[in-house]
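The values are calculated or read from the model by the stated rules, or taken from the named source; none is laboratory data. Note that the structure is predicted; figures quoted are calculated from it, not measured. Cβ: placed from backbone, ideal geometry, glycine included. Neighbour counts: every protein chain shown.
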Amino acid sequence: MPKPIEYRPDPAFLTLGEGFADAVEAADFPETTLRYRNDRAAKSVGLDHLSDEAWISHFGRFTPLEGNLPSPLAQRYHGHQFQVYNPEIGDGRGFLFAQMRDHEGRLMDLGTKGSGTTPYSRSGDGRLTLKGGVREIMATEVLEALGVNTSKTFSIIETGESLMRGDEPSPTRSAVMVRLNHGHIRIGTFQRHAYFTDTERLEKLVDYCLKYYFDTEMRGNITDRAVYFLGQVMERVAVQAAELMAAGFVHGVLNTDNINISGEVFDFGPWRFLPQMDLSFTAAYFDETGLYAFGRQPDALHWNIYQLGGALADICDEQALKDTLAPFPGIYLAALRQKLIARMGIKPKDNKTDDALLTLVNNFMLKEKFPYERFFFDWFGGPISETRAMTGPEGERYKAYPDLMDALKSYSPIRPDALSHGYFHGNAPCTMLIDEVEDIWSHIAERDDWAPLYAKIDCIRAMGEAINPA
């Protein structure tokens with residue numbers, strides 16, 4: 001857990017000048033009932049000291065934080081949505097509320113969802129369902145526990161409105177959410193300025209991102225700066241693809257307006273965690289072609305990063321852009337190897353041996369349609385979990401794959417005491433499958449019972465402590 005720090009405001013976005021966002025006002029909600037405050041995340045930016053009253057004032061009524069943005073900013077961006085370009089989007093139900101430094105000195109954003117209409121709302125009401133906010137808590141908590149670079153759900157405040165939605169029983173309850181993450185600059189932000197051939201703002205945006213997200217203020221020609229920037233983003237997005245796959249997570253809508261340049265997972269769609277190994281598994285009912293299916297996520301992100309390259313073409317040499325993007329597959333595969341070996345809690349050997357093990361694991365899980373989390377729970381630490389795995393509920397299935405068992409037993413655990421954590425004394429992994437999501441929500445919707453959600457958060461955080469100790 002990060003050490004407490006002082007609140008250090010740094011509204012750096014204002015240095016970009018005009019043309020990147022529009023000042024907006026938050027909706028005046030009829031109620032503001034605090035439902036969730038993430039003090040762990042708040043501690044990392046020096047805001048954990050806030051009373052509940054002050055918390056609601058800032059994150060429900062959006063009173064500006066001291067020394068920060070004087071008014072919320074709805075950012076301008078475009079994007080490919082299911083690979084179809086849409087020039088009529090932007091922050092339609094959210095805004096940038098504040099920026100500050102975290103315990104590592106990084107520039108962090110507090111952004112919203114469900115905070116009201118903006119110039120980019122089109123026909124939308126600018127609101128968020130309470131269920132949508134609760135689902136984002138669940139997704140981000142599990143991803144953080146699994147070591148994924150993800151946004152943090154910072155606050156959920158119920159707002160007392162009845163919303164009509166076509167994809168859930170209506171009327172349904174409303175909320176406003178605040179997320180904490182390392183930037184809201186998206187691939188689609190660059191696409192918007194490229195769309196208008198606004199090379200001056202493209203150059204400004206490149207330099208802003210280099211300074212605030214990649215800790216460099218480069219001099220020299222714009223081609224060199226843009227190529228370096230693209231390479232940095234490409235590496236982070238390739239790692240993001242590996243993290244999604246290793247976590248067994250299906251984002252749902254990997255559109256270019258949902259991919260930020262810092263490589264964090266954020267702006268979730270109708271996400272799912274894999275119930276069992278299935279490369280064709282999709283999260284969105286409207287993803288009829290399986291464009292963003294589990295196994296196609298790396299390709300989708302690779303395609304998206306090419307769109308960033310295309311957006312930079314007016315200020316950069318095209319061949320240099322292509323050369324910069326070429327290493328994506330290799331970076332992705334190396335990161336995937338590292339993430340999966342780490343998920344198993346074993347020490348890596350050489351790449352060839354590790355790849356052979358992972359091929360055995362992949363073939364086993366695909367053939368058996370094996371519960372994704374169960375495998376990593378059963379075999380965490382490799383040979384030190386043999387007894388647990390072979391005497392557990394899936395032991396008989398493991399016995400049918402002696403080559404896999406032998407390979408697993410040949411590795412050494414990262415930590416010999418890994419199984420001492422109470423998490424591994426249970427008989428099942430902590431999961432977040434759709435039935436569990438719906439059950440937790442039903443307690444809230446039917447009885448206003450939040451206990452199952454908070455109990456699940458405790459379980460998730462215990463898993464995180466067990467597999468990724470500080």
Query raised in the report: in a helix (DSSP H, G or I) and closer than 26 Å to Phe376 by Cβ: does that describe Ile331?
Result: yes
Query - In region 269-304, residue nearest to the chain's Cα centre (by Cα) [restricted to those that are buried (at least 18 other Cβ atoms within 10 Å of the Cβ) and among the hydroxyl-bearing types (Ser, Thr, Tyr)] - result: Tyr292
Query raised in the report: Would region 113-122 turn up any residue that is within 15 Å of Ile185 (Cα to Cα) and of a type outside the set (Phe, Trp, Tyr)?
Result: no
Requested in this report: Would you be able to tell me the number of residues in region 415-442 that are assigned to a helix (DSSP H, G or I) and in contact (Cβ under 8 Å) with a residue 24 or more places away in the chain?
Outcome: 9
Report summary line: Inside region 208-245, the number of residues satisfying the requirement of being within 21 Å of Asp299 (Cα to Cα) and either out of contact with any helix residue (DSSP H, G or I) (no Cβ under 7 Å at 6 or more places or on another chain) or of a type in the set (Gly, Ala, Ser) (or both) is 6
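Looking for whichever is touching a strand residue (DSSP E or B) at 6+ places or on another chain (Cβ under 8 Å), part of a helix (DSSP H, G or I) and small (Gly, Ala, Ser) here; the options are Ala466, Ala407, Ala455, Ala445. Which one fits? Please lay out each step first, then the result.
Working: Ala466 fails: touching a strand residue (DSSP E or B) at 6+ places or on another chain (Cβ under 8 Å); Ala407 fails: touching a strand residue (DSSP E or B) at 6+ places or on another chain (Cβ under 8 Å); Ala455 fails: touching a strand residue (DSSP E or B) at 6+ places or on another chain (Cβ under 8 Å).
Criteria check complete, one pass: Ala445.
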Report summary line: If you go through Ala26, Ala42, the only one that is assigned to a loop (DSSP other than H, G, I, E, B) and either out of contact with any Leu (no Cβ under 8 Å at 6 or more places or on another chain) or buried (at least 18 other Cβ atoms within 10 Å of the Cβ) (or both) is Ala26
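Going through region 399-416 one residue at a time, which ones are more than 17 Å from Arg343 (Cβ to Cβ) and at pLDDT below 95?
Just the residues of region 399-416 that are more than 17 Å from Arg343 (Cβ to Cβ), to begin with: 399-403, 405-406, 409-410, 416.
Residue satisfying the conditions is Pro416 alone.
Of Glu235, Glu217, Glu243, which residue is among the acidic types (Asp, Glu) and closer than 25 Å to Glu436 by Cα? Let's see the steps before the verdict.
Details: Glu235 fails: closer than 25 Å to Glu436 by Cα; Glu217 fails: closer than 25 Å to Glu436 by Cα.
So the residue among Glu235, Glu217, Glu243 that is among the acidic types (Asp, Glu) and closer than 25 Å to Glu436 by Cα is Glu243.
Using the structure shown, decide if Glu396 is modelled with pLDDT of 95 or more and not polar (S, T, N, Q). Working first, answer last.
Working: modelled with pLDDT of 95 or more: yes; not polar (S, T, N, Q): yes.
So Glu396 fits the description; yes.
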